[in-house]
Amino acid sequence: MKTLRFLLIAAVAGLFAVSCNEGIDPISHVAPGEDTEAPVIQINYPSDDIIIPFTDEETDIAFKFEVTDDIELQSFVVSLNGTQIGEFSGFKDYRRALETLAQEDVAVGDYTLEVVAVDLAGKTTTETFDFIVSNKYTAKYEGETLYMPFEGGFYMNLLNEVSATVVGTPSFVEGKSGNAYAGDSAAYLTFPAAELQGNEFSAVFWMKVNAIPDRAGILVMGPEDTANAGYPDTQNNRKNGFRFFREDAGGKQRFKLNTGNGEADTWFDGGAAADVDPATGDWVHLAFTISDAECVIYINGEVAKQGDFTGIDWTGCDVLSIMSGAPRFNEWGHNSDESLLDELRLFNKALTQTQVQEIMENEK
């Protein structure tokens with residue numbers, strides 16, 4: 001009985017083996033062929049210069065590589081500026097290697113990354129890539145002439161790395177993004193104005209408004225009031241340049257723009273549409289644009305005032321004041337603003353509403 005059972009099991013196993021192997025060719029060894037090609041190296045990262053925050057002096061980099069061979073890789077070595085920083089071998093996929101090499105504390109400077117790969121036949125390939133680690137800011141938007149993020153304890157235009165002249169004792173506090181400028185009584189910043197001027201002009205920035213004082217200058221680029229020469233506290237020549245400022249409006253703060261075409265000045269006052277309530281404690285996005293056809297004021301991306309204008313005249317406008325009307329627009333008490341200011345950008349073009357809104361959304 002046991003013998004019969006064994007014979008039946010053997011027969012079934014034989015049938016199963018035959019059915020499972022139907023349609024499958026017998027396994028045979030295939031020679032890898034002749035090694036005719038040297039390894040191929042692809043440096044996947046970095047693929048361009050590496051830009052880091054201007055307050056940083058070094059950064060960590062994860063170098064990425066892909067190395068392939070027609071038959072089999074043996075190894076590859078990675079060097080940075082002539083110093084070996086990594087070596088790879090024993091690949092699971094003997095024809096293709098995807099590897100990452102982390103390097104810490106790579107300082108600002110110029111670098112050459114070199115990868116040397118060898119296959120089993122001894123063929124060698126070398127690939128290099130030159131790149132820069134830079135903490136220099138480059139313009140993020142077309143026409144940008146000034147960018148001040150108020151980081152790292154600097155009152156600096158990052159586009160040309162020129163520091164502002166600091167008047168009084170402003171400070172830094174937590175801002176919309178990172179740190180912000182914190183105004184103080186009799187405090188403000190100035191820059192030479194010539195490089196910031198053009199046929200068109202725009203400014204965008206964030207403010208957290210402090211209603212004390214109840215009026216203040218914010219951005220002013222105007223000429224000296226020669227009619228009041230010798231009276232630095234009564235400067236008010238409005239025929240040239242511009243003045244962007246705020247004034248009390250029933251407990252709120254109303255933002256206004258005044259521009260000069262060389263012969264006369266024009267006012268852009270949006271009334272209640274240009275009011276901001278300081279009591280909310282909210283950050284407010286403000287912008288204004290000047291062209292040879294119109295001027296526009298935006299609050300949180302919406303038009304607060306828009307009107308015709310014949311074009312700005314910059315004669316005598318040699319100083320840009322930030323967070324005060326002084327020294328060129330203070331006769332009516334538009335002195336230092338004790339509000340917070342962040343992410344200030346100036347442009348030599350008139351931004352569209354869409355562009356203003358894009359910048360605002362990017363910085364949120």
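With equal scatterers on the alpha carbons only and no solvent term, can you work out the Debye log10 of I(q)/I(0) for the chain at 0.06, 0.07, 0.08 1/Å?
Calculated log10 I(q)/I(0) at the listed q: -0.42, -0.50, -0.57.
Just to confirm a number: summing +1 for Lys and Arg and -1 for Asp and Glu over residues other than Glu127 whose beta-carbon lies under 11 angstrom from that of Glu127, what do you get?
-2
In nm, give the distance between the simple-model label positions of Tyr231 and Ala139, each being 7 Å from the Cα along the Cα-to-Cβ direction.
It works out to 4.1 nm between the two label points.
How far, in degrees from 0 to 90, does helix 353-363 lean away from the longest principal axis of the Cα atoms of the chain, to the nearest 10?
60 degrees
Could you size up the charge dipole of segment 30-138 around its Cα centre, putting +1 on the beta carbon of Lys and Arg and -1 on that of Asp and Glu, and report it in debye to the nearest 20?
160 debye
How large is Rg over Rh for segment 148-193, taking Rg from the Cα atoms and Rh as the Kirkwood inverse mean of 1/r across Cα pairs?
With Rg and the Kirkwood Rh in hand, the quotient comes to 0.95.
Length gain on complete extension for the stretch Asp60 to Glu247, per 0.36 nm per residue less the alpha carbon to alpha carbon distance?
62.5 nm
At 0.36 nm per residue, minus the direct Cα-Cα distance, what do Phe129 and Val162 gain on full extension? Give it in nm, one decimal, please.
Additional length available on full extension: 8.7 nm.
Can you compute the charge dipole magnitude of the chain about its Cα centre, using +1 on each Lys and Arg Cβ and -1 on each Asp and Glu Cβ, nothing else charged? Give it in debye, rounded to the nearest 20.
1060 debye
Are there trypsin sites (Lys or Arg not before Pro) in segment 79-121 that DSSP marks as loop and that have at most 10 other Cβ atoms within 10 Å, and which are they?
Lys92
If I fit a long axis through the Cα atoms of helix 2-21 and take the longest principal axis of the Cα atoms of the chain, what angle between them do I get, 0 to 90°, rounded to 10?
Its long axis makes an angle of about 50 degrees.
In nm, to one decimal, how far is the Thr83 label point from the Glu195 one, both placed 7 Å along Cα→Cβ?
That separation, rounded to one decimal, is 3.4 nm.
Could you tell me what fraction of 2.2 N^0.38 Å the Cα radius of gyration of segment 269-331 comes to, as a two-decimal ratio?
Its radius of gyration relative to the 2.2 N^0.38 Å reference: 1.33.
Add +1 for every Lys or Arg and -1 for every Asp or Glu among the other residues with Cβ under 10 Å from the Cβ of Val77, and state the total.
With Lys, Arg at +1 and Asp, Glu at -1, the neighbours total -2.
How compact is segment 71-230 by the rule of thumb for globular proteins, expressed as Cα Rg over 2.2 N^0.38 Å?
1.76
With just the Cα atoms defining each centre, how far is segment 325-364 from segment 294-314? Give it in Å.
So the separation of the two Cα centres works out to 13 Å.
Computed from the coordinates by the stated procedures, all read-outs in this text should not be read as laboratory data. It should be emphasised that the depicted structure is a prediction, and the values quoted were computed from it without experimental measurement. All Cβ positions, glycine included, derive from the backbone under ideal geometry; neighbour counts span all protein chains shown.
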